[in-house]
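Below is one structure, written out as structure tokens; comments come after it.
The values are calculated or read from the model by the stated rules, or taken from the named source; none is laboratory data. None of these values were measured; they are calculated from a predicted model. Because the Cβ atoms are built from the backbone with ideal geometry, glycine has one as well, and the counts that use them run over all protein chains shown. Remember, those area values only see protein heavy atoms, side chains included, never the ligands or the DNA or RNA. Shrake-Rupley method; radii C 1.70, N 1.55, O 1.52, S 1.80 Å.
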Amino acid sequence: MSSEVEQFYDSMADFYHLIFEDWNQAISRQAHIVDALIKYKLGTSSLRILDCACGIGTQVLGLAAIGHRLSGSDLSNEAVQRARHEAAKRELDVEFRVSDMTSLEEFSSDHFDVVGAFDNALPHLSVDQLAGAAHSFKRVLRDGGLFIASIRDYDELIRTRPKFQGPSFFGDSGERRIVHQIWDWTGDDRYDVHQYISLQRNHKWGIHHFSSQYRCLLRAELGEALRLAEFTDIEWHMPKASGYYQPIVTARAL
């Protein structure tokens with residue numbers, strides 16, 4: 001993956017939790033939704049799970065707290081360090097590594113019951129990188145293991161091509177923040193995201209800006225990449241049914 005993507009998440013590591021109204025609440029809520037989907041597919045508990053786009057730990061922390069055996073990895077060293085700190089603060093036993101999801105070379109084959117990649121991480125990948133990542137997911141999964149990931153609803157977004165998202169307004173009494181995004185479309189299926197977090201502290205406002213490029217990864221393309229990597233039982237779970245804020249795909253390793 002590109003150094004630009006790495007720098008984007010490095011720069012956001014200290015601020016990423018601020019895009020949520022209540023990060024701890026989001027950690028718990030998302031973990032229970034993801035856990036329900038995992039149990040629906042595998043029917044067991046206390047699984048070996050790798051979150052290969054763990055960021056600062058949003059899914060890792062919640063899944064570890066409800067009893068799964070978690071490993072977390074990310075391209076961003078700063079995000080991994082933040083996730084490691086958050087896990088230690090919560091007294092959670094999680095293994096963390098810096099790793100590129102297109103290879104996952106730091107992990108042995110046939111080791112995990114579940115591999116996850118949440119929060120729209122996959123659309124950073126080129127077509128070739130996506131193919132490499134799908135094979136990496138398959139390699140580190142045991143036979144019959146589960147891949148689970150979430151992406152934005154690009155089947156809809158490529159049609160509507162939004163230019164602005166938000167704003168969300170959180171907080172009160174002099175400790176407030178406004179979170180919004182601007183999207184600059186640079187091609188038919190590519191756009192630059194400008195993430196703004198405006199913070200009021202001690203009655204003074206400051207603005208933090210983070211930027212990265214994404215491409216519109218359609219559900220059919222992701223499904224085909226997984227099929228070519230020898231995944232089966234590919235199923236999409238839309239927000240209305242799952243309760244998660246993005247479409248989720250699940251697939252079984254042959």
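Below are the figures for this structure:
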item	result
Percent RCO, i.e. relative contact order, over the range 105-240, from Cα pairs under 8 Å lying at least 6 residues apart	22 percent
Value at 222 nm in deg cm²/dmol, rounded to 500, when DSSP H runs of n ≥ 4 in the chain each add -39,500 (n - 2.57)	-10000 deg cm²/dmol
Cα-based shape type of the range 125-191, given that a ≥ b ≥ c are square roots of the gyration tensor eigenvalues and the cut on a/c is 1.5	oblate
C-alpha center-to-center spacing [the range 48-65, the range 101-163] in angstrom	14 Å
For the chain, size of Cβ-based charge dipole, Lys and Arg +1, Asp and Glu -1, in debye	580 debye
Solvent-accessible surface (1.4 angstrom probe) belonging to Asp184, in square angstrom, nearest 10	70 Å²
Where Rh is the Kirkwood radius over Cα pairs, Rg/Rh for the range 173-242	1.20
Accessible area (Å², 1.4 Å probe, nearest 10) - Glu230	100 Å²
Shape of the range 50-195, Cα gyration tensor, a/c cut at 1.5	oblate
Solvent-accessible area, 1.4 Å probe, carbon plus sulfur percent, for the chain	48 percent
Answer label for semi-axes √(5λ) of the Cα gyration tensor in Å (calculated), chosen among (i) 28, 22, 17; (ii) 40, 18, 16; (iii) 45, 25, 18	(i)
Accessible area in the full protein assembly, largest first, 1.4 Å probe, for Ile158, Ile197	Ile158, Ile197
Per-residue SASA entry for Ile207, accessible area with 1.4 Å probe, Å² rounded to 10	120 Å²
Dipole in debye (nearest 20) - the range 56-130, about Cα centre, beta carbon charges: Lys, Arg +1; Asp, Glu -1	320 debye
Net dipole in debye of the range 181-254 [+1 Lys, Arg Cβ; -1 Asp, Glu Cβ; about Cα centre; nearest 20]	460 debye
Members of Lys163/Lys240; Lys138/Lys163; Lys41/Lys163 lying beyond 31 Å, as alpha-carbon distances in this model show	Lys138/Lys163; Lys41/Lys163
Farthest toward positive dipole pole in the chain [+1 Lys/Arg, -1 Asp/Glu at C-beta], among Gln195, Gly43, Val140	Gly43
Folded to 0 to 90 degrees: helix 127-140 orientation relative to the chain principal axis, Cα	60 degrees
Cα-based helix-to-principal-axis angle, 23-42 vs the chain, degrees rounded to 10	20 degrees
Antiparallel %, DSSP beta bridges [both residues in the chain], to 5	70 percent
Accessible heavy-atom area order of Lys204, Lys39, highest first, probe of 1.4 Å	Lys204, Lys39
Glu235 versus Gln200: modelled label distance in nm, points set 7 Å from Cα along the beta carbon direction	4.6 nm
C-alpha long axis of helix 77-89 to longest principal axis of the chain, angle in °	90 degrees
Signed unit charges on C-beta, dipole axis of the range 1-117, positive-most listed residue His17, Val114, Val98	Val114
Separation between Cα centres of the range 179-217 and the range 1-45, rounded to whole Å	18 Å
